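Quick one: the structure is below, questions incoming.
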Amino acid sequence: MDIHVELWKKLAEHPDFELSTYLNKFMSLSSNLDQINFVYDELEKHSAFPQFHKDGKNDITSIAVRHEGNKLYKKNLFSNAFNCYTVSILAAKTKEVLALAYANRSAALLKMGLYKESLTDIGRALVNGYPNKAKLTARQDYCNMFKKPILPAYEKVPKIRNVERHPFIQSAKNCVEIRRNERFGRHVVATRDIKIGEVVVIEQPFAFKLLDQELVYCHECLELCYCNIPCDHCTRSLYCSTTCKDKAFSDYHKYECPLLHSIKGIPGSNESVLLPLKLIFQNGQKFFTEVPPSPGVYRSDRLREIRDLQTHLDTTDPFTVFEKCALVAGIVHLVKNHSSFLESAFSEEHLKENLFKVMLICELNSVEITEFTPKDNTDIFEKQQIGAGLYSFCSLFNHSCCNNVAKNFHGNTIVLRAVNSIKKGEQCFVNYSSNYLVDLKPFRQGYLTQHKFFTCTCRACEEDWPIFTPIDFQANIALHSCDCFNLLLPVVVITGGANVAYVKEKLKLFISEMQKKEKKLPPSRNYSLTKYALLQCYNVLGNKRRV
Ligand SMILES: C[S@@+](CC[C@H](N)C(=O)[O-])C[C@H]1O[C@@H](n2cnc3c(N)ncnc32)[C@H](O)[C@@H]1O
């Protein structure tokens, strides 16, 4: 249950309790720190702090989950079995049980056609003393027969050539600039005409966090990896190598490791808590000291830009401020009592103030890191969130439901490309949540008002452009009724296999078709169809599961 709700429940047991009077008293406090301290004291007085749940390796859990995996394996559900075996690896306490979990995962990997990964796990099972060596040697021989070079799961990250680099904006091409006005705040504007398909930004995250339950990406470098190794202490973090595991531990994981198990029970904690906390743990003392004035350059690898990102604290309602303060107080209580972070030079007050600010920054600016993934074991692919990141320059792009720039991820690198022609002087817009092609206006507007605190006035909203669903799109293909049927054939391939080579070959054709169709706005059915297909193409080139 939410921390503030737990507290209100306890307060409401008193017959004289009146929520509005209580909130007025809370809002009359002069600073956010005073407000957090007030809620902290209240949580203490009413024993409403979130519970601490000790995490730890446990062989019984590991064995039970492995058995679950075995049942799925027998039903030929190999990727589901793979998930269970990975959880079993995370939970194993002794070498013997770990060896069994690795051995079983190697069998699932073999069935999934991931022979190289299977060999890696076989090696680990043997090193940890797997009893039936002959069985694993036979599996090894089989894998060696099929082993082939691993194809990357996504297209290489494109590059911005040095001559095209922006002189002042670290991650941008020299075709945009940052402007500011009353209506849009800071925003990004084209300084020359930009063509469809042109890369505008390539940016590394200042910080990112994978979703807690993510099993096939490295939690440190976000590379796709089907033979991850577990953290030595907790049951939540996986790494592609010991190098990544050790780096994560020394940089920040040593502080978050004992807390992850307890924090996962707090609603919405993945982005609202884990990303801000990692940002603070990772930057340590730097976070609490003042930064020198900017030398006029907009950097992606500097804390200053992150600290200057927008928040909407001034327009946030008292309920939400109280909710955030309760969350901060609850998390600080866990950090204080169960992590070594405050044992160094950091004061509790600093942590409270900064966690509050960073939570607000993340809420407004963090970007969902996505991959293109097969839906429910079919070969229809769809975009799915795998984590969240903070990208300081990308955060300056405003939203449109008919965005002219689209984002994609290659590992944790974000790539922004033009998906419409953009004229010199025009604003570049990304899409924060959903676009007019797939979501209805009330849904889009509801999300933006509630979470991003503005009303969208893009053309799609103002002119109420009709929604265009992938189902329509498939029906179109089935009927062979649209004039660009041949052009859309690649999309059949996209939905049935996400073929990188095919998409790359057809991309030019798509772009030229889009150029023709965008001249005829307001959009026709074929315009929407082509734009949808173009967005799907770029999805195919970004993060994608291999199986
Ligand atoms: C991630 S920030 C974008 C950068 C921001 N404009 C700034 O000044 O830092 C998101 C905020 O920008 C503003 N915003 C984004 N898109 C907008 C739009 N289409 N119209 C008006 N305001 C917008 C809203 O205030 C929103 O909460």
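Restricting to region 255-312, what's the tally of residues that are within 16 Å of the ligand (Cβ to nearest atom), modelled with pLDDT under 85 and charged (D, E, K, R)?
Here the count works out to 1.
Could you check how many residues of region 94-131 are outside any helix (DSSP H, G or I), among the polar types (S, T, N, Q) and either surrounded by 15 or more Cβ atoms within 10 Å (Cβ to Cβ) or modelled with pLDDT under 95 (or both)?
Qualifying residue count, region 94-131: 1.
Given the conditions (1) buried (at least 18 other Cβ atoms within 10 Å of the Cβ); (2) more than 30 Å from Gly330 (Cβ to Cβ), and given that Ala91 satisfies all but one, which numbered condition is not satisfied?
All conditions are met except number (2).
Go over the candidates Glu349, Glu371 one by one and state the one that is in contact with a strand residue (DSSP E or B) (Cβ under 8 Å, 6 or more places away or on another chain), of a type in the set (Asp, Glu) and in contact (Cβ under 8 Å) with a residue 24 or more places away in the chain.
Checking each option against the conditions leaves just Glu371.
Which ones in region 1-53 are of a type in the set (Asp, Glu) and crowded, with 16+ Cβ neighbours inside 10 Å?
If the condition is that a residue be of a type in the set (Asp, Glu) and crowded, with 16+ Cβ neighbours inside 10 Å, then Glu6, Glu42 are the ones that fit.
Now for a separate question. Could you figure out which of (1) farther than 30 Å from Thr311 by Cβ; (2) of a type in the set (D, E, K, R); (3) part of a loop (DSSP other than H, G, I, E, B) isn't true of Lys247?
With respect to (1) farther than 30 Å from Thr311 by Cβ; (2) of a type in the set (D, E, K, R); (3) part of a loop (DSSP other than H, G, I, E, B), Lys247 is out only on (3).
Let me ask something else. Hey, among Arg186, Arg139, which residue is in contact with a strand residue (DSSP E or B) (Cβ under 7 Å, 6 or more places away or on another chain) and over 30 Å from Ser512 (Cα atoms)?
Of Arg186, Arg139, the one residue that is in contact with a strand residue (DSSP E or B) (Cβ under 7 Å, 6 or more places away or on another chain) and over 30 Å from Ser512 (Cα atoms) is Arg186.
Look at region 173-189 and say how many of its residues are within 16 Å of the ligand (Cβ to nearest atom), part of a strand (DSSP E or B) and not polar (S, T, N, Q).
Of the residues in region 173-189, 10 are within 16 Å of the ligand (Cβ to nearest atom), part of a strand (DSSP E or B) and not polar (S, T, N, Q).
Give region 93-105 a look and list any residue that's touching a Phe, Trp or Tyr at 6+ places or on another chain (Cβ under 9 Å) and free of Cβ contacts under 8 Å to residues at least 40 places away in the same chain, or say none.
Matches in region 93-105: Glu96, Ala99, Leu100, Ala101, Tyr102, Ala103, Asn104.
(1) open to solvent by 50 Å² or more (accessible area, probe 1.4 Å); (2) part of a helix (DSSP H, G or I): which one isn't true of Tyr85, the others all being true?
Among (1) open to solvent by 50 Å² or more (accessible area, probe 1.4 Å); (2) part of a helix (DSSP H, G or I), Tyr85 violates only (1).
Let me ask another. Give the residue, chosen from Glu198, Glu220, that is crowded, with 16+ Cβ neighbours inside 10 Å, away from the ligand (no atom under 16 Å from the Cβ) and touching a residue at least 60 places away in the same chain (Cβ under 8 Å).
Glu198
The values are calculated or read from the model by the stated rules, or taken from the named source; none is laboratory data. As the structure is a prediction and not an experimental result, all values here were calculated from the model. Counting neighbours? That spans all protein chains shown, and the Cβs are built from the backbone with ideal geometry, glycine included. Note: areas computed on protein heavy atoms with side chains; ligands, DNA, RNA excluded. Shrake-Rupley method; radii C 1.70, N 1.55, O 1.52, S 1.80 Å.
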